[in-house]
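Encoded as structure tokens, the structure appears first; notes follow it.
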Amino acid sequence: MPDSAVAHLDATDFDTAIGRCAIGWRADAVARFALPGYDPGTTVTALDGARRIPAPAHGPRAEAIARIRAHLDGDLDDLRRIPLDLTGVPRFPLAVYAVTRAIDPGHTLSYGEVAERAGAAGAAQATGQALGRNPIPLIIPCHRVLAADHALHGFSAPGGIDTKQRLLAIEHTSGFGEPTLF
């Protein structure tokens, strides 16, 4: 049964340096994004129920896809100029997503730091849960949020920690996966 939030979307998939991604739109704002699945062709199914459209040739949708492709090719872009539609997302996850979207490529924050900046000091676990439900990974760069010890503990996108590590490597992020002194 299709997700009702997906059922009202236009969606397309497109090739990138890391595989086939899928994107869902309301008007010209991104409402869903799917990183490549474990097997070819599974990314498209992440947006089942959306109305399939061909990849746009020009306009804001084409520009967003071009930015994503370039970023994944290593021409880093913070992707903040891509408009988002977060209709129906509760207040706390919205605050977490706003803080997360402000993290520049090549940089990270801990779950606790994101929670504190979102106005909920001590809510690292709830922050992780909100990021685990992130409907727009990469554009809302949840891969840039690490555990307090800088380790890569879990990632809900296909490929899990391997995908998170790959995205951080594309962004030339240093220090992840390295233990801290204290």
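A compact table of results
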| item | result |
| --- | --- |
| Ranked by how many other beta carbons lie within 10 Å on average, peptides 9-22, 53-66 from highest | 9-22, 53-66 |
| Solution diffusion estimate, µm²/s, Stokes-Einstein, region 74-136, Kirkwood Rh from C-alpha pairs, 4 °C, viscosity 1.567 mPa s | 106 |
| Assigned charges on the beta-carbon of Lys, Arg, Asp, Glu; region 91-170 dipole about Cα centre (debye) | 240 |
| Residues whose placed amide H lies under 5 Å from that of residue 31, excluding near-sequence neighbours | 24, 25, 26, 85 |
| Directionally averaged projected area (convex hull, Cα atoms, region 91-170), nm² | 4.5 |
| Over the chain: helical MRE at 222 nm, DSSP H runs n ≥ 4 each giving -39500 (n - 2.57), nearest 500 | -9000 deg cm²/dmol |
| Counting all C-alpha pairs of the chain, share separated by more than 31 Å (%) | 12 |
| Burial order of peptide ranges 124-133, 109-118 (average beta-carbon count within 10 Å, highest first) | 109-118, 124-133 |
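Laboratory data are not the source of any read-out in this text; all were calculated from the coordinates shown. Quick caveat, the model's predicted, so the values are computed rather than measured. Here Cβ is always computed from backbone atoms with ideal geometry, including for glycine, and neighbour counts include all displayed protein chains.
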